[in-house]
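Here is the structure we will look at, set down as structure tokens.
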Amino acid sequence: MAIHIFNVLKYYYLVALIFIIMFVCLTIWNNRTFKQHLQKEATYNVIQTERRKQFMEKLYHERFGPKKQRELVRYYSVSEEKNFLDDDIPKEVEPFIAIMIPVHNEELIIEDTIHYMLNKLHYSKYEVLVMDGGSTNGTPEILA
């Protein structure tokens, strides 16, 4: 009985060994093919790509200033106190505005957001529209 089991296992081990050898050989062949052909070969038009880069740099320079200036202001942040100056809008002219808040499964933050909009916003003529995009958590119950 033990000899019969050993003979059966011998074939399984032989098949497994053949698969391992094939896997290693195909991996080596695939890596060599990639290094020789695919890695060295450009899969795009280099000249056209360079033209596009130059064209985009020209557009960015015209619209947003020189590259050095753009790099300097890339990570510029404004403090919360200076973010919105209320003296930009004359007090006698206060247009009615609508603030739209799109939400989808925002159960954790929607209550704080609505509280801020209703109590801490220093503006009198506005409405808050909350658009729920099919929330599946407790967001609709909080908004109701």
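The values are calculated or read from the model by the stated rules, or taken from the named source; none is laboratory data. What you see is a predicted model, and the numbers here were worked out from it, not measured in a lab. All Cβ positions, glycine included, derive from the backbone under ideal geometry; neighbour counts span all protein chains shown.
Among the residues of segment 106-120, none qualifies, meaning not one is part of a helix (DSSP H, G or I) and modelled with pLDDT under 80. For segment 87-105: of the residues being over 26 Å from PRO140 (Cα atoms) and loosely packed, with under 12 Cβ neighbours inside 10 Å, which is modelled with the highest pLDDT? Within segment 87-105, the match that is modelled with the highest pLDDT is PHE96. Looking at segment 122-139 only, could you name the residues that are surrounded by 10 or more Cβ atoms within 10 Å (Cβ to Cβ), modelled with pLDDT under 80 and under 24 Å from GLU80 (Cα atoms)? Listed by number, the list holds a single entry, TYR123. When the residues of segment 45-78 are filtered to those that are over 25 Å from the mean Cα position of the chain (by Cα) and part of a loop (DSSP other than H, G, I, E, B), the one that is modelled with the highest pLDDT is ASN45.
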